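Peer 1: Okay, here's the structure, questions in a sec.
The values are calculated or read from the model by the stated rules, or taken from the named source; none is laboratory data. On a predicted model such as this, the values are computed, not experimentally measured, just so you know. Cβ sites come from the backbone with ideal geometry, for glycine too, and all protein chains shown count toward neighbours. Quick note on the areas: whole protein, heavy atoms, side chains included, nothing else; ligands and nucleic acids left out. Shrake-Rupley method; radii C 1.70, N 1.55, O 1.52, S 1.80 Å.
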Amino acid sequence: MNDYPSLKLNSGKEKSLQRFHPWVFSGALAKDIKHSPEGSLVNVEDNKGNYLGTGYVQHGSIAVRILSFVKTEINQDFWNNAVQSSWDMRQRLGFTDNTLTNCFRLMHGEGDYIPGLVIDYYAGTCVIQCHTSGIYAHRDLITQALINVLGKQLKAVFDKSFETLHGAVPEAANGFLYGQQEDKMVLENGHQFKVDFTTGQKTGFFIDQRDNRQLVGQYSKGKTVLNTFAYTGGFSVYALMHQALQVDSVDVSKSAIELLNENMATNSPNATNHQGIAADTFNYFKTFETQYDIVILDPPAFAKNRGAKHNALMGYKRLNMEGLKYVKKGGLLFTFSCSQVVDSFTFNQTILSAAIESKRSIKILHRLTQPADHPVNIYHPESEYLKGLVLMVE
Ligand code: SAH
(Lines give C-alpha, C1' and ligand atoms only; values in the text may rest on other atoms or scores of the structure.)
Protein backbone atom coordinates (compact mmCIF):
# COMPACT_ATOMS: atom_id res chain seq x y z
CA MET A 1 0.00 0.00 0.00
CA ASN A 2 0.93 3.65 -0.26
CA ASP A 3 -0.72 7.04 0.15
CA TYR A 4 0.63 8.82 -2.94
CA PRO A 5 -1.70 11.27 -4.67
CA SER A 6 -3.78 9.91 -7.53
CA LEU A 7 -3.86 10.96 -11.17
CA LYS A 8 -6.86 10.00 -13.28
CA LEU A 9 -6.74 9.03 -16.93
CA ASN A 10 -9.25 10.08 -19.54
CA SER A 11 -11.85 7.46 -20.29
CA GLY A 12 -10.51 4.69 -22.55
CA LYS A 13 -6.84 5.57 -21.93
CA GLU A 14 -6.21 2.73 -19.45
CA LYS A 15 -5.70 -0.02 -22.05
CA SER A 16 -1.94 0.25 -22.48
CA LEU A 17 -1.35 0.24 -18.70
CA GLN A 18 -3.58 -2.80 -18.33
CA ARG A 19 -1.23 -4.45 -20.83
CA PHE A 20 1.73 -3.45 -18.61
CA HIS A 21 3.16 -0.81 -20.93
CA PRO A 22 4.90 1.50 -18.42
CA TRP A 23 4.43 4.93 -20.05
CA VAL A 24 1.55 7.36 -19.52
CA PHE A 25 1.48 10.08 -22.17
CA SER A 26 0.41 13.56 -21.06
CA GLY A 27 -2.56 13.50 -23.43
CA ALA A 28 -4.00 10.49 -21.57
CA LEU A 29 -4.31 12.39 -18.27
CA ALA A 30 -7.61 13.93 -17.23
CA LYS A 31 -5.87 16.95 -15.62
CA ASP A 32 -2.75 18.92 -16.44
CA ILE A 33 0.35 17.35 -14.87
CA LYS A 34 1.68 20.81 -13.88
CA HIS A 35 0.13 20.48 -10.42
CA SER A 36 2.16 17.36 -9.60
CA PRO A 37 5.79 18.16 -8.76
CA GLU A 38 8.40 16.85 -11.22
CA GLY A 39 9.72 13.51 -10.00
CA SER A 40 6.96 12.98 -7.41
CA LEU A 41 5.35 9.58 -6.89
CA VAL A 42 1.73 9.07 -7.91
CA ASN A 43 -0.88 6.36 -8.30
CA VAL A 44 -2.47 6.29 -11.73
CA GLU A 45 -6.17 5.41 -11.89
CA ASP A 46 -8.65 4.90 -14.68
CA ASN A 47 -11.51 7.34 -15.13
CA LYS A 48 -13.65 5.45 -12.63
CA GLY A 49 -10.97 5.52 -9.91
CA ASN A 50 -9.64 1.96 -10.32
CA TYR A 51 -5.94 1.64 -9.50
CA LEU A 52 -3.63 0.94 -12.47
CA GLY A 53 -0.06 1.52 -11.32
CA THR A 54 2.42 3.56 -9.26
CA GLY A 55 5.02 5.70 -10.93
CA TYR A 56 6.79 9.05 -11.05
CA VAL A 57 5.93 12.27 -12.77
CA GLN A 58 7.88 13.96 -15.51
CA HIS A 59 6.80 17.22 -17.12
CA GLY A 60 7.11 16.05 -20.71
CA SER A 61 5.26 14.06 -23.31
CA ILE A 62 5.71 10.91 -21.19
CA ALA A 63 4.05 12.29 -18.07
CA VAL A 64 4.31 9.25 -15.77
CA ARG A 65 6.59 6.22 -15.86
CA ILE A 66 5.23 3.24 -13.97
CA LEU A 67 7.48 1.51 -11.44
CA SER A 68 4.93 -0.97 -10.10
CA PHE A 69 1.60 -2.38 -11.20
CA VAL A 70 0.73 -3.31 -7.61
CA LYS A 71 0.06 -0.58 -5.06
CA THR A 72 3.26 -0.49 -3.13
CA GLU A 73 5.51 2.05 -1.45
CA ILE A 74 8.63 2.94 -3.42
CA ASN A 75 10.97 2.50 -0.44
CA GLN A 76 14.19 0.64 0.37
CA ASP A 77 12.39 -2.72 0.14
CA PHE A 78 11.14 -1.86 -3.32
CA TRP A 79 14.66 -1.04 -4.54
CA ASN A 80 16.16 -4.08 -2.84
CA ASN A 81 13.66 -6.27 -4.69
CA ALA A 82 14.24 -4.52 -8.01
CA VAL A 83 18.03 -4.86 -7.84
CA GLN A 84 17.78 -8.42 -6.49
CA SER A 85 15.55 -9.56 -9.30
CA SER A 86 17.81 -8.03 -11.99
CA TRP A 87 20.88 -9.54 -10.33
CA ASP A 88 19.20 -12.94 -10.03
CA MET A 89 18.34 -12.94 -13.72
CA ARG A 90 21.98 -12.18 -14.65
CA GLN A 91 23.10 -14.87 -12.23
CA ARG A 92 20.81 -17.44 -13.87
CA LEU A 93 22.22 -16.43 -17.24
CA GLY A 94 25.80 -16.88 -16.00
CA PHE A 95 26.93 -13.25 -16.03
CA THR A 96 27.70 -12.68 -12.34
CA ASP A 97 30.42 -15.26 -11.92
CA ASN A 98 32.13 -15.59 -15.26
CA THR A 99 35.88 -15.90 -15.61
CA LEU A 100 35.90 -14.60 -19.21
CA THR A 101 33.42 -11.72 -18.94
CA ASN A 102 33.13 -9.54 -15.85
CA CYS A 103 31.16 -6.60 -17.20
CA PHE A 104 27.46 -6.61 -17.98
CA ARG A 105 24.34 -4.48 -17.79
CA LEU A 106 22.71 -5.06 -14.43
CA MET A 107 19.63 -2.87 -14.92
CA HIS A 108 18.24 -2.02 -18.34
CA GLY A 109 15.46 0.53 -17.73
CA GLU A 110 12.06 -0.57 -19.00
CA GLY A 111 13.55 -3.94 -20.01
CA ASP A 112 14.02 -4.65 -16.28
CA TYR A 113 10.75 -2.89 -15.31
CA ILE A 114 12.48 0.24 -13.94
CA PRO A 115 11.94 2.99 -16.51
CA GLY A 116 14.70 5.59 -16.47
CA LEU A 117 17.40 3.58 -14.68
CA VAL A 118 20.51 2.04 -16.20
CA ILE A 119 23.20 0.30 -14.14
CA ASP A 120 26.29 -1.23 -15.73
CA TYR A 121 28.55 -3.55 -13.73
CA TYR A 122 32.29 -3.34 -14.35
CA ALA A 123 34.17 -5.94 -12.32
CA GLY A 124 32.71 -4.76 -9.01
CA THR A 125 32.09 -1.11 -9.89
CA CYS A 126 28.50 -0.20 -10.69
CA VAL A 127 27.94 2.85 -12.88
CA ILE A 128 24.45 4.32 -12.53
CA GLN A 129 22.74 6.49 -15.14
CA CYS A 130 19.46 8.09 -14.12
CA HIS A 131 17.56 9.34 -17.16
CA THR A 132 14.90 11.21 -15.17
CA SER A 133 14.68 13.34 -12.03
CA GLY A 134 12.15 10.81 -10.66
CA ILE A 135 14.82 8.11 -10.59
CA TYR A 136 17.61 10.49 -9.57
CA ALA A 137 15.66 11.31 -6.38
CA HIS A 138 16.06 7.65 -5.35
CA ARG A 139 19.76 7.20 -6.08
CA ASP A 140 20.75 6.81 -2.42
CA LEU A 141 18.17 4.04 -1.95
CA ILE A 142 19.36 2.43 -5.19
CA THR A 143 22.99 2.59 -3.97
CA GLN A 144 21.98 1.01 -0.67
CA ALA A 145 20.12 -1.70 -2.59
CA LEU A 146 23.31 -2.44 -4.56
CA ILE A 147 25.25 -2.70 -1.28
CA ASN A 148 22.56 -4.99 0.17
CA VAL A 149 22.31 -7.28 -2.87
CA LEU A 150 25.92 -7.44 -4.11
CA GLY A 151 27.58 -7.53 -0.68
CA LYS A 152 31.37 -7.93 -0.82
CA GLN A 153 31.30 -8.18 -4.61
CA LEU A 154 30.50 -4.44 -4.78
CA LYS A 155 33.57 -2.19 -4.71
CA ALA A 156 32.14 1.16 -5.77
CA VAL A 157 29.08 2.94 -7.17
CA PHE A 158 29.64 5.84 -9.56
CA ASP A 159 26.79 8.16 -10.52
CA LYS A 160 27.09 9.30 -14.14
CA SER A 161 23.67 10.90 -14.51
CA PHE A 162 24.76 14.43 -15.41
CA GLU A 163 24.72 13.65 -19.14
CA THR A 164 21.49 11.61 -19.19
CA LEU A 165 19.45 14.07 -17.09
CA HIS A 166 19.88 16.78 -19.72
CA GLY A 167 19.61 19.55 -17.13
CA ALA A 168 16.47 18.15 -15.43
CA VAL A 169 18.29 18.33 -12.07
CA PRO A 170 20.45 21.48 -12.21
CA GLU A 171 22.55 20.51 -9.18
CA ALA A 172 23.34 16.99 -10.46
CA ALA A 173 27.06 16.22 -10.64
CA ASN A 174 28.85 12.98 -11.45
CA GLY A 175 30.71 11.28 -8.64
CA PHE A 176 31.06 8.28 -6.35
CA LEU A 177 28.06 7.34 -4.21
CA TYR A 178 29.95 4.47 -2.60
CA GLY A 179 33.61 3.47 -2.50
CA GLN A 180 36.25 4.89 -4.84
CA GLN A 181 37.85 3.20 -7.84
CA GLU A 182 40.08 4.40 -10.63
CA ASP A 183 39.53 3.42 -14.28
CA LYS A 184 38.64 -0.23 -14.46
CA MET A 185 40.20 -3.07 -16.39
CA VAL A 186 37.45 -5.43 -17.41
CA LEU A 187 37.30 -8.69 -19.30
CA GLU A 188 34.92 -9.36 -22.15
CA ASN A 189 35.08 -12.85 -23.66
CA GLY A 190 38.65 -13.02 -22.36
CA HIS A 191 39.73 -9.71 -23.96
CA GLN A 192 40.91 -6.85 -21.76
CA PHE A 193 39.45 -3.36 -21.92
CA LYS A 194 40.18 -0.27 -19.86
CA VAL A 195 36.90 1.45 -19.05
CA ASP A 196 36.97 5.16 -18.31
CA PHE A 197 33.62 5.52 -16.60
CA THR A 198 34.31 9.03 -15.28
CA THR A 199 34.88 10.85 -18.57
CA GLY A 200 34.06 8.20 -21.20
CA GLN A 201 30.87 8.05 -23.24
CA LYS A 202 27.69 6.54 -21.78
CA THR A 203 28.73 4.49 -18.73
CA GLY A 204 32.25 4.09 -20.17
CA PHE A 205 31.88 1.13 -22.51
CA PHE A 206 29.35 -0.15 -25.04
CA ILE A 207 28.55 -3.45 -23.40
CA ASP A 208 25.61 -3.95 -25.75
CA GLN A 209 27.86 -4.96 -28.68
CA ARG A 210 29.44 -7.93 -26.85
CA ASP A 211 27.82 -10.71 -28.89
CA ASN A 212 28.24 -8.80 -32.16
CA ARG A 213 31.95 -8.28 -31.46
CA GLN A 214 32.28 -12.01 -31.01
CA LEU A 215 30.77 -12.48 -34.48
CA VAL A 216 33.24 -10.00 -35.99
CA GLY A 217 36.02 -12.00 -34.33
CA GLN A 218 34.68 -15.21 -35.83
CA TYR A 219 35.04 -13.84 -39.39
CA SER A 220 38.29 -11.89 -38.96
CA LYS A 221 41.07 -14.45 -39.42
CA GLY A 222 43.36 -13.38 -42.26
CA LYS A 223 41.10 -10.44 -43.14
CA THR A 224 41.58 -6.68 -43.42
CA VAL A 225 39.13 -4.84 -41.17
CA LEU A 226 37.97 -1.23 -41.10
CA ASN A 227 36.18 -0.33 -37.85
CA THR A 228 34.50 3.07 -38.04
CA PHE A 229 32.94 4.82 -35.02
CA ALA A 230 35.36 2.57 -33.16
CA TYR A 231 35.25 4.30 -29.72
CA THR A 232 37.71 2.43 -27.45
CA GLY A 233 38.16 -0.44 -29.87
CA GLY A 234 35.59 -3.06 -28.91
CA PHE A 235 35.33 -4.54 -32.39
CA SER A 236 38.98 -3.80 -33.20
CA VAL A 237 40.36 -5.82 -30.28
CA TYR A 238 38.25 -8.84 -31.24
CA ALA A 239 39.37 -8.61 -34.88
CA LEU A 240 43.03 -8.31 -33.87
CA MET A 241 42.84 -11.17 -31.37
CA HIS A 242 41.20 -13.39 -33.97
CA GLN A 243 44.20 -12.92 -36.26
CA ALA A 244 43.00 -10.27 -38.64
CA LEU A 245 45.65 -9.27 -41.18
CA GLN A 246 45.19 -5.55 -40.58
CA VAL A 247 42.80 -3.55 -38.39
CA ASP A 248 42.17 0.16 -39.04
CA SER A 249 40.00 1.99 -36.51
CA VAL A 250 38.44 5.43 -36.97
CA ASP A 251 36.77 7.63 -34.37
CA VAL A 252 36.29 11.39 -34.24
CA SER A 253 37.20 11.45 -30.53
CA LYS A 254 40.94 11.76 -29.89
CA SER A 255 40.63 10.47 -26.33
CA ALA A 256 38.68 7.42 -27.56
CA ILE A 257 41.45 6.65 -30.06
CA GLU A 258 44.10 6.99 -27.32
CA LEU A 259 42.25 4.46 -25.19
CA LEU A 260 41.71 2.27 -28.26
CA ASN A 261 45.46 2.20 -28.91
CA GLU A 262 46.03 1.34 -25.25
CA ASN A 263 43.47 -1.48 -25.38
CA MET A 264 45.00 -2.91 -28.57
CA ALA A 265 48.47 -2.83 -26.97
CA THR A 266 47.25 -4.44 -23.74
CA ASN A 267 45.75 -7.36 -25.63
CA SER A 268 48.54 -7.78 -28.17
CA PRO A 269 51.66 -5.88 -27.03
CA ASN A 270 53.80 -6.60 -30.09
CA ALA A 271 51.24 -6.29 -32.85
CA THR A 272 52.00 -3.68 -35.52
CA ASN A 273 49.17 -4.56 -37.88
CA HIS A 274 46.72 -1.97 -36.60
CA GLN A 275 46.26 1.77 -36.54
CA GLY A 276 43.91 4.10 -34.69
CA ILE A 277 42.87 7.17 -36.67
CA ALA A 278 41.25 10.20 -35.01
CA ALA A 279 38.99 11.47 -37.81
CA ASP A 280 35.42 12.01 -38.90
CA THR A 281 34.32 8.83 -40.68
CA PHE A 282 32.82 10.70 -43.65
CA ASN A 283 36.04 12.70 -44.11
CA TYR A 284 38.14 9.58 -43.72
CA PHE A 285 36.20 7.84 -46.49
CA LYS A 286 37.17 10.71 -48.82
CA THR A 287 40.89 10.17 -48.23
CA PHE A 288 41.47 6.66 -49.54
CA GLU A 289 40.41 4.09 -52.10
CA THR A 290 41.53 0.81 -50.51
CA GLN A 291 38.82 -1.73 -49.96
CA TYR A 292 38.62 -3.99 -46.89
CA ASP A 293 37.37 -7.54 -46.32
CA ILE A 294 35.26 -6.36 -43.40
CA VAL A 295 33.82 -2.88 -42.82
CA ILE A 296 32.03 -2.02 -39.54
CA LEU A 297 29.68 0.95 -39.24
CA ASP A 298 28.51 1.55 -35.66
CA PRO A 299 27.53 5.23 -35.51
CA PRO A 300 26.00 6.98 -32.48
CA ALA A 301 22.20 7.36 -32.48
CA PHE A 302 21.48 9.66 -35.43
CA ALA A 303 17.91 10.20 -34.14
CA LYS A 304 17.41 11.03 -30.48
CA ASN A 305 13.68 11.73 -30.96
CA ARG A 306 10.87 11.18 -33.50
CA GLY A 307 11.29 14.66 -34.97
CA ALA A 308 14.83 13.83 -36.04
CA LYS A 309 13.91 10.50 -37.63
CA HIS A 310 13.77 11.57 -41.27
CA ASN A 311 17.19 13.22 -41.20
CA ALA A 312 18.56 10.25 -39.31
CA LEU A 313 17.38 7.84 -42.00
CA MET A 314 19.03 10.01 -44.65
CA GLY A 315 22.21 9.89 -42.55
CA TYR A 316 22.12 6.08 -42.27
CA LYS A 317 21.53 5.77 -46.01
CA ARG A 318 24.43 8.08 -46.88
CA LEU A 319 26.76 6.36 -44.41
CA ASN A 320 25.92 2.90 -45.73
CA MET A 321 26.26 4.00 -49.36
CA GLU A 322 29.76 5.21 -48.50
CA GLY A 323 30.61 2.15 -46.39
CA LEU A 324 29.56 -0.26 -49.15
CA LYS A 325 32.11 1.31 -51.52
CA TYR A 326 34.92 0.16 -49.23
CA VAL A 327 33.91 -3.51 -49.00
CA LYS A 328 35.90 -5.84 -51.25
CA LYS A 329 34.05 -8.24 -53.54
CA GLY A 330 33.01 -11.14 -51.32
CA GLY A 331 33.53 -9.08 -48.18
CA LEU A 332 31.29 -8.26 -45.23
CA LEU A 333 29.57 -5.11 -44.03
CA PHE A 334 28.54 -5.00 -40.36
CA THR A 335 26.09 -2.13 -40.05
CA PHE A 336 24.26 -0.93 -36.92
CA SER A 337 21.78 1.59 -35.61
CA CYS A 338 21.20 2.27 -31.91
CA SER A 339 18.44 4.86 -32.46
CA GLN A 340 15.43 3.80 -30.43
CA VAL A 341 13.02 5.61 -32.76
CA VAL A 342 14.29 3.73 -35.85
CA ASP A 343 12.73 0.25 -35.73
CA SER A 344 14.32 -2.76 -37.37
CA PHE A 345 11.93 -2.75 -40.35
CA THR A 346 12.74 0.89 -41.12
CA PHE A 347 16.45 0.26 -40.63
CA ASN A 348 16.36 -2.68 -43.05
CA GLN A 349 14.51 -0.56 -45.62
CA THR A 350 17.17 2.13 -45.29
CA ILE A 351 19.97 -0.35 -45.83
CA LEU A 352 18.02 -1.75 -48.78
CA SER A 353 17.91 1.68 -50.40
CA ALA A 354 21.67 2.13 -49.83
CA ALA A 355 22.21 -1.33 -51.37
CA ILE A 356 20.15 -0.39 -54.44
CA GLU A 357 22.28 2.73 -54.94
CA SER A 358 25.46 0.64 -54.70
CA LYS A 359 24.29 -1.58 -57.60
CA ARG A 360 26.03 -4.56 -55.99
CA SER A 361 24.70 -8.07 -55.24
CA ILE A 362 24.13 -8.28 -51.50
CA LYS A 363 22.89 -11.00 -49.16
CA ILE A 364 21.79 -10.65 -45.53
CA LEU A 365 23.75 -13.17 -43.44
CA HIS A 366 22.81 -12.13 -39.90
CA ARG A 367 20.25 -9.91 -38.22
CA LEU A 368 21.75 -8.65 -34.99
CA THR A 369 20.40 -7.09 -31.83
CA GLN A 370 21.25 -6.40 -28.19
CA PRO A 371 22.41 -9.18 -25.84
CA ALA A 372 20.51 -10.92 -23.02
CA ASP A 373 21.66 -8.47 -20.33
CA HIS A 374 19.79 -5.75 -22.29
CA PRO A 375 16.38 -7.47 -22.19
CA VAL A 376 13.29 -6.18 -23.97
CA ASN A 377 10.07 -5.99 -21.97
CA ILE A 378 7.64 -7.67 -24.36
CA TYR A 379 4.97 -5.10 -23.43
CA HIS A 380 7.36 -2.27 -24.26
CA PRO A 381 8.84 -2.99 -27.68
CA GLU A 382 10.56 0.42 -27.55
CA SER A 383 13.22 -1.16 -25.27
CA GLU A 384 14.61 -2.87 -28.35
CA TYR A 385 17.00 -0.25 -29.68
CA LEU A 386 20.08 -1.96 -31.17
CA LYS A 387 19.73 -3.30 -34.69
CA GLY A 388 22.38 -4.65 -36.98
CA LEU A 389 22.79 -6.45 -40.28
CA VAL A 390 25.72 -8.42 -41.60
CA LEU A 391 25.82 -8.23 -45.38
CA MET A 392 27.80 -10.30 -47.85
CA VAL A 393 28.72 -7.87 -50.60
CA GLU A 394 29.61 -9.27 -54.04
N1 SAH B 1 31.62 0.58 -31.78
C2 SAH B 1 31.91 1.16 -30.50
C3 SAH B 1 30.84 2.09 -30.01
C4 SAH B 1 30.52 3.24 -30.94
S5 SAH B 1 29.76 4.58 -30.16
C6 SAH B 1 32.19 0.03 -29.50
O7 SAH B 1 32.02 -1.13 -29.82
O8 SAH B 1 32.58 0.34 -28.37
C9 SAH B 1 29.85 5.79 -31.38
C10 SAH B 1 31.21 6.43 -31.57
O11 SAH B 1 31.13 7.25 -32.73
C12 SAH B 1 31.69 7.32 -30.46
O13 SAH B 1 32.93 6.86 -30.01
C14 SAH B 1 31.87 8.71 -31.10
O15 SAH B 1 33.04 9.39 -30.67
C16 SAH B 1 32.02 8.35 -32.56
N17 SAH B 1 31.63 9.35 -33.55
C18 SAH B 1 30.57 10.19 -33.54
N19 SAH B 1 30.50 10.89 -34.70
C20 SAH B 1 31.53 10.46 -35.47
C21 SAH B 1 32.00 10.77 -36.79
N22 SAH B 1 31.35 11.66 -37.54
N23 SAH B 1 33.08 10.12 -37.26
C24 SAH B 1 33.73 9.20 -36.49
N25 SAH B 1 33.35 8.88 -35.24
C26 SAH B 1 32.26 9.48 -34.73
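Peer 1: In a GNM of the chain with a 10 Å cut-off on Cα contacts, which of His310, His131, His374 has the highest mean-square fluctuation?
Peer 2: His310
Peer 1: Okay, moving on. Would you pull out the residues with amide H under 5 Å of Ala63's amide H, same chain only if 5 or more places away, H placed 1.01 Å from N?
Peer 2: Val24, Phe25, Ser26
Peer 1: Where the accessible area of segment 126-219 is counted over protein heavy atoms with a 1.4 Å probe, how much of it, in %, is carbon and sulfur?
Peer 2: In segment 126-219, the share of accessible area belonging to carbon and sulfur is 49 percent.
Peer 1: Put +1 on the Cβ of every Lys and Arg and -1 on every Asp and Glu Cβ in segment 1-59; which of Gly55, Phe25, Tyr4 then has its Cα farthest towards the positive end of the dipole?
Peer 2: Phe25
Peer 1: I would also like to ask the following. Sum -39500 (n - 2.57) across every DSSP H segment of at least 4 residues in the chain, then divide by the residue count to get the 222 nm mean residue ellipticity, nearest 500. Show your work: numbers first, answer last.
Peer 2: Working: 11 runs with 111 residues, N = 394.
About -8500 deg cm²/dmol.
Peer 1: PRE reach from Phe20 (point 7 Å along Cα→Cβ): which of segment 99-119 fall under 19 Å by backbone N?
Peer 2: In segment 99-119, the label zone of Phe20 (backbone N under 19 Å from the point 7 Å along Cα→Cβ) covers 107-117.
Peer 1: Would you list, by chain and number, the lysines whose Cα falls below 29 Å from the Cα of Lys155, excluding same-chain residues fewer than 8 positions away?
Peer 2: Leaving aside lysines fewer than 8 places away in the same chain, those within reach of Lys155 are Lys184, Lys194, Lys202.
Peer 1: Within a Cβ distance under 10 Å of Ala230, other residues only, what is the Lys/Arg minus Asp/Glu net charge? Working shown, then result.
Peer 2: Working: positive: none; negative: Asp248, Asp251, Asp298.
The answer is -3.
Peer 1: To continue, here is another question. Report the charge-dipole magnitude of segment 270-362 in Debye, nearest 20, computed about the Cα centre from +1 at each Lys and Arg Cβ and -1 at each Asp and Glu Cβ. Walk me through the numbers on the way to the answer.
Peer 2: Working: 11 positive and 7 negative charges, 53 e Å.
Dipole size: approximately 260 debye.
Peer 1: Quick one: dipole size for segment 148-259, taken about the Cα centre, charges +1 on Lys/Arg Cβ and -1 on Asp/Glu Cβ, in debye to the nearest 20. Provide the component values of the computation, followed by the final result.
Peer 2: Values: 11 positive and 12 negative charges, 80 e Å.
Using Cβ point charges on Lys, Arg, Asp and Glu, segment 148-259 gives about 380 debye.
Peer 1: Give, in nm to one decimal, the length gained when the segment between Asn348 and Thr287 is fully stretched (0.36 nm per residue of separation minus the Cα-Cα distance).
Peer 2: Going from the current span to full extension adds 19.1 nm.
Peer 1: Calculate one ³J(HN,Hα) per residue across segment 175-189 by plugging θ = phi - 60° into the Karplus curve 6.51 cos²θ - 1.76 cosθ + 1.60, and present them in order as whole Hz with x for glycine and proline.
Peer 2: x, 6, 9, 7, x, 7, 9, 7, 3, 9, 8, 10, 10, 10, 6
Peer 1: If you fit an axis through the alpha-carbon atoms of helix 139-150 and take the longest principal axis of the Cα set of the chain, what angle between them do you get, 0 to 90°, nearest 10?
Peer 2: Taking Cα atoms only, the helix is inclined about 70 degrees.
Peer 1: Something else: Ignoring ligands, DNA and RNA, what accessible area per residue does the chain give at 1.4 Å, in Å²? It would help to have the intermediate numbers written out before the result.
Peer 2: Numbers: 17590 Å² over 394 residues.
Here the per-residue accessible area is 45 Å².
Peer 1: Turning to a different aspect of this structure: Distance check, please: which entries in Lys15/Lys48; Lys254/Lys286; Lys221/Lys286 exceed 24 angstrom between their Cα atoms?
Peer 2: Values: Lys15/Lys48 13 Å; Lys254/Lys286 19 Å; Lys221/Lys286 27 Å.
Cα-Cα > 24 Å for Lys221/Lys286; rest within.
Peer 1: Can you run phi through the Karplus equation (6.51, -1.76, 1.60; θ = phi - 60°) for segment 8-21 and list ³J(HN,Hα) in whole Hz, with x for Gly and Pro?
Peer 2: Computed from phi, the couplings for segment 8-21 are 9, 9, 5, 4, x, 8, 8, 4, 5, 5, 5, 8, 6, 7 Hz.
Peer 1: Going by Cα centres, segment 50-70 and segment 95-157 are how many Å apart?
Peer 2: 22 Å
Peer 1: Please give the Cα centre distance for segment 296-324 versus segment 164-210, rounded to the nearest Å.
Peer 2: Using only Cα atoms to place each centre, the spacing works out to 25 Å.
Peer 1: Also: Could you give the dipole magnitude of the chain about its Cα centre, charging the beta-carbon of Lys and Arg +1 and that of Asp and Glu -1, in debye to the nearest 20? Could you put the intermediate results ahead of the total?
Peer 2: Working: 38 positive and 38 negative charges, 229 e Å.
In debye, rounded to 20, the chain gives about 1100.
Peer 1: Report, in degrees rounded to the nearest 10, the 0 to 90 angle that the Cα long axis of helix 76-92 makes with the longest principal axis of the chain.
Peer 2: Rounded to the nearest ten degrees, it is 30.
Peer 1: Now for a separate question. Between Asn305 and Glu163, what is the FRET efficiency for a Förster distance of 25 Å, r being their Cβ-Cβ separation, to the nearest 0.05? Intermediate results must be reported in sequence, preceding the final value.
Peer 2: On the way: r = 16 Å, r/R0 = 0.65.
With a Förster radius of 25 Å, E is 0.95.
Peer 1: When the accessible area of segment 4-93 is computed with all protein chains present and a 1.4 Å probe, what percentage of it is carbon and sulfur? Working shown, then result.
Peer 2: Working: 2210 of 4510 Å².
The nonpolar share, carbon plus sulfur, comes to 49 percent.
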